[in-house]
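Q: Next up is a structure, given as structure tokens.
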Amino acid sequence: MADVLVVAEVAQGRLRKTTLSAITFARQLASRIGGGFSVLVLGKGVSGPAQEAAAFGAKAVHVVDAPALEHYIASTWAAVVAEAATRVGADFVAATSSTFARDLLPRVAARMNAGMVSEVTAIVGDAPPLRFKRPMWAGNVIATVEVKTPKAVFSVRGAEFDAAAAAGGASPVQALAIPVTADPKVRYAGFAATISERPDLTEASVIVSGGRGLRDKQGFEGVLNPLADALHAAIGATRAVVDAGIAPNDLQIGQTGKVVAPNLYIGVALSGAIQHLAGMKNSKVIVAINKDPEAPIFSVADYGLVADAFKAVPELVEEIRKVRGA
Ligand SMILES: Cc1cc2nc3c(=O)[nH]c(=O)nc-3n(C[C@H](O)[C@H](O)[C@H](O)COP(=O)(O)OP(=O)(O)OC[C@H]3O[C@@H](n4cnc5c(N)ncnc54)[C@H](O)[C@@H]3O)c2cc1C
């Protein structure tokens, strides 16, 4: 019987919430193939996240805990994931599409001699042969694809699969004795994490995002920071802003940036180019503030305000503070 293996993502000793979307996908896939799913947690000192992963109804949580896995190195990790899939009898491997999964999964697929579907947004059909929907051309085309190999690897769009709810009870947590050999050709040199008090873009329920209309760093931060503070929001940016050095690269939303789907997305002084929409159009509620009534962002917005952001946003912040009594 085929099974699905979900590769968990761990950060700062915690299971990343994004993993829960892959678990939802795995539940759906397992029910259609008549199998089950399990979760794989890799790293050094990962018993905490493994226990967290046990709450979602997996047949088991498999753990590979080794000093050589302290830092993520794609080639080392891919070998372990592929071996783990073989050991636990999983023909299918899945993870939520993130910088980590995009780097790791194609290597896993190559090692498993498996076909791969990237950025899955839906499963089509109730029984094999299953097909999968995925966006192409910045989301302008939705392709339906079928995997012809007996084994398959999937990266799934977090925005399209709701975070799995706890299933009640706890899955058994089992150590997998896989020898981990560090890739001799790669040496871990360091990881420069961006430290921010704000929520992570891909996990935030509110995002305020700024575009070129905010002119410069002073305008971007001066307008967006108070709004983000008032709403406890993450800050995002368009590529134009990132390319101009106004905001760091990790804030970029869009086709070549992050894909987000918060409950509330407020786009400020950004036009809504298709490459930007590709990263945020699945947000539950979209608010646009732009001085040009013809700006394309208004075509996807639930609420639009035609106004100068430098005047409208401070007024909005003032009103939010009044409502919140701050
Ligand atoms: C291959 C490729 C990949 C790309 N990937 C991405 C991506 O991942 N993410 C992304 O964002 N872009 C991406 N782009 C770039 C994209 O095409 C646009 O150029 C970019 O999104 C535009 O950014 P913007 O909306 O900030 O700027 P603009 O398009 O210049 O829009 C600025 C907006 O601000 C408004 N404005 C100006 N002043 C004010 C004011 N005072 N108050 C209110 N409104 C004001 C204007 O009316 C205008 O609508 C990509 C492009 C290519 C070719």
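The values are calculated or read from the model by the stated rules, or taken from the named source; none is laboratory data. Fair warning: this is a prediction, and the values are worked out from it, not measured in the lab. Here the Cβ is made from the backbone with ideal geometry for all residues, glycine too, and neighbour counts use every protein chain on show. Accessible surface areas use protein heavy atoms only, side chains included; no ligands, DNA or RNA. Shrake-Rupley method; radii C 1.70, N 1.55, O 1.52, S 1.80 Å.
Q: Taking the stretch 178-226 only, how many residues are within 27 Å of W77 (Cα to Cα) and in contact (Cβ under 8 Å) with a residue 60 or more places away in the chain?
A: The qualifying residues number 11.
Q: Would you pick out the residues in the stretch 1-19 that are open to solvent by 30 Å² or more (accessible area, probe 1.4 Å) and touching a Lys or Arg at 6+ places or on another chain (Cβ under 7 Å)?
A: V10
Q: What single numbered condition from (1) open to solvent by less than 10 Å² (accessible area, probe 1.4 Å); (2) out of contact with any strand residue (DSSP E or B) (no Cβ under 6 Å at 6 or more places or on another chain) fails to hold for T86?
A: Exception for T86: condition (1).
Q: If you check K322, K311, K291, K284, which single one turns out to be among the charged types (D, E, K, R) and within 19 Å of L201 (Cβ to Cβ)?
A: Criteria check complete, one pass: K284.
Q: Wholly within the stretch 208-285, which helices (runs of 4 or more DSSP H) include no fewer than the required count, namely at least 1 residues that are within 9 Å of the ligand (Cβ to nearest atom), open to solvent by 30 Å² or more (accessible area, probe 1.4 Å) and of a type outside the set (G, A, S)?
A: The helices (runs of 4 or more DSSP H) meeting that bar are 239-243, 274-280.
Q: Conditions: (1) surrounded by fewer than 18 Cβ atoms within 10 Å (Cβ to Cβ); (2) modelled with pLDDT under 95; (3) near the ligand (Cβ under 10 Å from one of its atoms). G325 meets all but one. Number of the miss?
A: The one condition G325 does not meet is (3).
Q: Just the residues that are within 27 Å of G257 (Cα to Cα), in contact with a helix residue (DSSP H, G or I) (Cβ under 9 Å, 6 or more places away or on another chain) and open to solvent by 80 Å² or more (accessible area, probe 1.4 Å), please, taken from the stretch 119-132.
A: none
Q: Additional query: What strands (runs of 3 or more DSSP E), lying completely within the stretch 81-199, carry at least 3 residues that are more than 19 Å from S21 (Cβ to Cβ)?
A: Per the criteria, 141-146, 173-175.
Q: Here are some conditions: (1) among the β-branched types (V, I, T); (2) at pLDDT 95 or above; (3) touching a helix residue (DSSP H, G or I) at 6+ places or on another chain (Cβ under 8 Å). T18 meets all but one. Which one does it not meet?
A: (2)
Q: State which residue is nearest to the ligand (Cβ to nearest atom) when the search covers only the stretch 295-317 and only residues that are open to solvent by 90 Å² or more (accessible area, probe 1.4 Å) and among the charged types (D, E, K, R).
A: Filtering the stretch 295-317 for residues that are open to solvent by 90 Å² or more (accessible area, probe 1.4 Å) and among the charged types (D, E, K, R), the one nearest to the ligand (Cβ to nearest atom) comes out as K311.
Q: Here's another thing I want to ask about it. Given S75, S38, which one is within 26 Å of P129 (Cα to Cα) and touching a residue at least 60 places away in the same chain (Cβ under 8 Å)?
A: S38
Q: Then there's this: Where the second residue is open to solvent by 30 Å² or more (accessible area, probe 1.4 Å) and not in a helix (DSSP H, G or I) and the first is without any contact (Cβ under 8 Å) to a residue 60 or more places away in the chain and more than 9 Å from P226 (Cβ to Cβ) and lies in the stretch 308-321, which pairs have Cβ atoms under 7 Å and are six or more apart or on separate chains?
A: Listed by first residue and then by second, the contacts come to D308/K291; A312/L305.
Q: For the structure I just gave you, tell me whether N290 is in the same structural domain as G213 (by TED's automatic domain parsing) and under 27 Å from R157 (Cα atoms).
A: Criteria not met by N290.
Q: All but one of (1) more than 8 Å from the ligand (Cβ to nearest atom); (2) touching a residue at least 40 places away in the same chain (Cβ under 8 Å); (3) over 30 Å from F191 (Cα atoms) hold for A288, so report the exception by its number.
A: (2)
Q: Only one residue in A175, A193, A204, A152 is open to solvent by 60 Å² or more (accessible area, probe 1.4 Å), out of contact with any Leu (no Cβ under 8 Å at 6 or more places or on another chain) and closer than 30 Å to E70 by Cβ, so which one is that?
A: From the options A175, A193, A204, A152, the qualifying one is A175.
Q: So which pairs qualify, if the first residue must be in the stretch 101-119 and assigned by TED's automatic domain parsing to the domain that holds A74 and at positive phi, the second must be open to solvent by 30 Å² or more (accessible area, probe 1.4 Å) and outside any helix (DSSP H, G or I), the Cβ gap must be under 6 Å, and the two must be at least 6 apart or on different chains?
A: Matching pairs, first to second residue: E119/R134; E119/R157.
Q: Mind listing whichever residues of the stretch 157-172 are closer than 21 Å to G89 by Cβ and either basic (K, R) or buried (at least 17 other Cβ atoms within 10 Å of the Cβ) (or both)?
A: Within the stretch 157-172, S171 is the sole residue that qualifies.
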